[in-house]
Structure formats: structure tokens, C-alpha cells
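Structure record follows, encoded as C-alpha cells.
The values are calculated or read from the model by the stated rules, or taken from the named source; none is laboratory data. Note that the structure is a prediction, hence the values are computed from the model and not measured. Cβ sites come from the backbone with ideal geometry, for glycine too, and all protein chains shown count toward neighbours.
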Amino acid sequence: MLAGWVDQQVSRGLAPSTITSRVAMIRRLREFVDAYPWAWTPENLEALSVELASGARPVTKSTLRGYQVVVRAFCDFITDARYPWAAECLERFGEPPLQICHDWNTLAHIVEYEGRPQRRALTYDELELFFAAADERVLAIQRAGRKGALSALRDAVLFKTVYAFGLRRREAAGLDLADVRFSPSAPRFGRCGAVYVRWGKASRGSGPKRRTVLAVPEFDWAVEGLRQWIEEDRALYGASRSEALWLTERGTRVSLRYLDFRFAELRDHLGLPPELTVHALRHSYVTNLIEWGYAERFVQDQVGHAYASTTAIYTSVGDDFKNRVLAAALQRIYGDES
């Protein structure tokens with residue numbers, strides 16, 4: 001059964017990591033129940049859900065729902081009449097497998113976002129502090145005469161690029177020199193007028209999605225830093241066969257783990273909340289573009305969201321923006337009386 005389910009998922013084009021995690025969940029249920037799938041009952045699912053939600057390290061509601069979705073998908077497969085499993089189990093064991101996940105014993109997906117409330121965009125003050133600290137780190141290493149100034153400069157430019165183009169970690173780490181391009185709509189930015197993303201988030205078994213992200217004038221300071229990195233600073237690493245935009249001292253591409261580590265190091269140095277991650281820079285990008293008056297459809301295309309509702313989840317505009325919108329509405333309706 002499990003091997004057949006794996007084959008089905010491979011045929012659908014799901015990522016190996018996704019399939020592996022799903023199989024692990026089914027094995028976990030099998031071990032917990034100590035029975036084969038044709039003997040599973042709704043009570044078994046409920047017991048495991050209680051165990052996961054109330055153990056020493058309880059999982060979040062979204063994680064628990066994800067587990068239940070996996071079990072539901074597996075049960076859909078083994079009970080599907082187009083496959084022989086139900087008839088085979090009935091003939092051999094006298095009982096067919098059942099769907100054990102139902103609306104009345106699984107978590108409902110009611111709200112769009114279920115992440116921790118602490119997850120948010122950085123404020124303007126936090127952004128200024130963060131990037132100033134990244135720049136100061138370069139100068140501090142230079143003043144001390146230590147190695148690492150070039151890597152610190154790379155990190156500063158990299159994080160500014162993540163923010164200025166609203167990139168995910170993998171999208172940023174996967175950039176090559178050829179992905180930074182001229183934009184006919186903004187010739188003033190030269191070769192850094194757009195970034196071509198080749199490692200966008202995949203969905204439903206598809207490959208990585210691609211998109212072009214245009215530079216906007218509010219981030220001209222970050223675009224200039226990117227231009228200088230490409231034209232001058234990157235070459236200081238010496239000859240490399242890699243076309244990666246962000247090289248290490250060994251001439252390889254920076255890793256996602258490194259991005260997380262370096263961001264956390266700067267964040268903790270500044271005493272910023274630990275819930276802020278590299279992805280918070282992307283949230284900040286979306287929020288800021290909305291506050292600056294960019295159309296929601298433009299922002300949605302820039303960040304590669306299939307649905308506007310996803311972009312809305314990322315947006316956490318400040319009170320100043322809301323006050324300006326309200327003042328404009330009052331002026332439009334009531335005129336000077338407002």
C-alpha cells in the first residue's frame with residue numbers, strides 16, 4: 001500500500017522531500033496504532049491527534065492539520081475503487097480499509113494565516129537599525145584588520161537585495177549573475193533594473209516558478225549597492241567557475257542555513273525579537289510597497305503570489321498609512337467639513 005502510494009505521488013511530480021515526510025507520518029500512525037491500515041478507525045486518528053497536540057512538545061494547529069491532511073490523502077488512496085487495495089483487504093482479511101479522517105474529527109481550515117502572531121514585518125526603525133548594523137560590521141572588521149570584511153559586505157548587500165526585491169531565501173541564494181538584468185522601463189538602474197527569479201516556490205508537483213521582479217525607485221540605494229557588488233566587489237573573491245551571485249570564500253554558493261545564521265546573528269546583536277527571520281524582510285517589502293501606493297496587483301506579481309489573499313496576509317501596514325487613507329477618504333466625502 002505504502003509503496004503504491006509513493007508511486008502515485010512520484011507520478012504526480014511531488015518533491016522527494018514531500019513524499020518522504022508524508023511516508024514518515026503514515027509510518028508514525030502505523031506504529032502508534034500497532035495495526036495495519038485496514039484495521040484503522042477514526043478513534044485511532046483522534047488518539048494520535050491528542051498525543052501530538054498535548055505531548056511534551058505539542059505541535060501547532062497548522063502542523064496538526066497538515067498531519068491529518070496526509071492521513072486523509074493516504075486513506076483516500078487505499079479506499080479508492082480504482083485501486084485494488086479495498087477488494088484485496090476484504091478478500092484476505094475480511095475487512096476493507098476505511099477513511100478515518102472526517103469533518104467531525106479533524107481541524108477545519110478557517111482562517112488564511114495560522115502562524116505565530118509574533119511573525120511580522122520589520123518596522124522602518126528596525127530596518128534602519130538592521131542594515132546600519134550590517135554596514136557597520138564591515139567597517140568594524142576592516143578597522144580591526146581581520147579577515148572577513150568581504151564576506152560581511154556580501155551579507156549586507158545580500159540582505160538589502162532580499163528586501164529591495166521581496167525575495168524568498170531560496171530565490172535569493174539561487175541567483176546567478178545572469179539573473180540580474182536591464183529593465184527597459186527603468187534604464188536609470190542600468191543592468192540592475194530587474195531580477196529574474198528561477199527558484200520560486202513550487203506548488204502541486206510543479207517545478208520552481210519563475211518571475212521577473214522589477215526594481216522600484218524607493219530602493220535605489222539597495223540597487224546601487226547591488227550594482228557595485230556585481231561590477232567591483234564580487235571579483236575580489238578571485239576566479240571562480242561558479243556563476244552564483246553570492247559566492248563564499250571557497251567559490252561556492254551561499255547556503256540557506258548560512259542566511260538564517262547570519263540574519264539571526266545581526267538580529268540578536270541588536271536585541272530584535274527572535275521571531276523575526278529572513279522572511280520578515282519579504283513581509284516588509286510587501287507592506288512598504290502597499291504603504292507607498294503601489295497597486296495590489298503589481299505587488300502580487302512582484303512577489304509571485306498566485307492569489308491576492310496571500311499577499312494580503314503579508315501586509316501589516318502602519319498606523320500612519322491607515323491615518324492617511326482615512327484622512328483622504330474623509331476629505332473626498334465631506335470636504336473641508338472633515
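Here are the numbers for this structure:
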read-out: Enumeration of residues in the stretch 72-94 that are surrounded by 15 or more Cβ atoms within 10 Å (Cβ to Cβ) and either under 39 Å from the mean Cα position of the chain (by Cα) or in a loop (DSSP other than H, G, I, E, B) (or both); value: Arg72, Ala73, Phe74, Cys75, Phe77, Ile78, Thr79, Tyr83, Trp85, Ala86
read-out: Residue satisfying all of: in the stretch 45-71; of a type in the set (S, T, N, Q) and buried (at least 18 other Cβ atoms within 10 Å of the Cβ); nearest to Cys101 (Cα to Cα) among these; value: Gln68
read-out: The lone exception for Arg267 - which of (1) in contact with a Lys or Arg (Cβ under 6 Å, 6 or more places away or on another chain); (2) not in a loop (DSSP other than H, G, I, E, B) it fails; value: (1)
read-out: Residue within the stretch 5-15 that is closer than 30 Å to Ser206 by Cα, among the hydrophobic types (A, V, I, L, M, F, W, C) and not in a helix (DSSP H, G or I) present; value: yes
read-out: Pair list, Cβ < 9 Å and 6+ apart or interchain, from the stretch 35-52 residues that are on the phi < 0 side of the Ramachandran plot and of a type in the set (Val, Ile, Thr) to residues that are surrounded by 15 or more Cβ atoms within 10 Å (Cβ to Cβ) and assigned to a helix (DSSP H, G or I); value: Thr41/Val33
read-out: Complete set of residues in the stretch 134-188 that are assigned to a helix (DSSP H, G or I), of a type in the set (Gly, Ala, Ser) and touching a residue at least 60 places away in the same chain (Cβ under 8 Å); value: Ala134, Ser151, Ala156, Ala164, Ala172, Ala173, Ala178
read-out: Candidate set: the stretch 238-262, residues that are in a helix (DSSP H, G or I) and touching a helix residue (DSSP H, G or I) at 6+ places or on another chain (Cβ under 7 Å); chosen: the one farthest from Gly225 (Cα to Cα); value: Leu256
read-out: Yes/no for Ser255 being over 22 Å from Phe182 (Cβ atoms), among the small types (Gly, Ala, Ser), touching a residue at least 12 places away in the same chain (Cβ under 8 Å) and not assigned by TED's automatic domain parsing to the domain that holds Ala173; value: no
